[in-house]
Amino acid sequence: MSYGTYAEYKCIPEDGALATIPVNLKYEEAAAIPNGALTALPFLRDKGNIQRGQKVLINGASGTVGAAAVQISKYYEAEVTGVCSTTNLGLVRSLGADKVIDYTQEDFTKDGQTYAVIFDAVGKSSFSCCKDSLQPGGIYLTTVPSLSTLLQMFWTSLWGNKKVRFAATGLRSANKKAKDLVFMKKLIEAGEFHPVIDRRYPLEKIAEAHRYVETGRKKGDVVITIE
């Protein structure tokens, strides 16, 4: 868990969070997999207990985590609603979403629909706002916990049948991450999961890449390529 640099090579323990690249991906495509997939998978599978036929809503469905969450939810045969901006409706549909909501035109918390799982992949909603959109026994998941969210997580663990859950996915053990990478490799090689890459930048344009990401308008991932 060290940050602050880009490098062509990095030393990692042989029992670290490693898996061989799927045979049908290039290096830059493989680089786009772990961040989104290793966040979305444990949230949906472990915290959300996603099941076949459930109605699942992904808020921020066109981002790194959201794009992975849509595809993983479809793998588990859920009925998926994706929430995104106007320009990303086509992308989210192409990822397999059964329904897409343009948040600039419609508020999903006010349309009367309810879901077994609401996964906020961008931290733009709250349990209080989404509670009425959860089915009895429903679960609200968020990747960006606030103090109020953590308090609600504790409160709902004791009372009520609608739950708030959060997972510190980056702090999981290397062994768990490695197992999930192998799981994702199988999905990718079976054609059930695809990387979503918005833009590719050479290393010498790293500052430009960061500026683009910071606009908040990227779709899926931005990848740095090294010749």
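Assorted remarks:
- Verdict on ASN24 being modelled with pLDDT of 95 or more, in a loop (DSSP other than H, G, I, E, B) and more than 19 Å from PRO195 (Cα to Cα): no
- Residues that are touching a strand residue (DSSP E or B) at 6+ places or on another chain (Cβ under 9 Å) and surrounded by fewer than 14 Cβ atoms within 10 Å (Cβ to Cβ), drawn from the stretch 196-209: PRO202, LEU203, ILE206, GLU208
- Which listed residue, of LEU141, LEU95, is in contact (Cβ under 8 Å) with a residue 60 or more places away in the chain and either under 19 Å from LYS218 (Cα atoms) or of a type in the set (Val, Ile, Thr) (or both): LEU95
- Boolean, TYR6 is modelled with pLDDT under 95, among the aromatic types (Phe, Trp, Tyr) and either closer than 25 Å to PRO202 by Cβ or buried (at least 17 other Cβ atoms within 10 Å of the Cβ) (or both): yes
- Those residues of the stretch 49-74 which are over 27 Å from ARG217 (Cβ atoms) and either crowded, with 18+ Cβ neighbours inside 10 Å or within 9 Å of the chain's Cα centre (by Cα) (or both), in sequence order: ILE50, GLN54, LYS55
The values are calculated or read from the model by the stated rules, or taken from the named source; none is laboratory data. Quick caveat, the model's predicted, so the values are computed rather than measured. Positions of Cβ are generated from backbone atoms using ideal geometry, with glycine treated the same way; all protein chains shown enter the neighbour counts.
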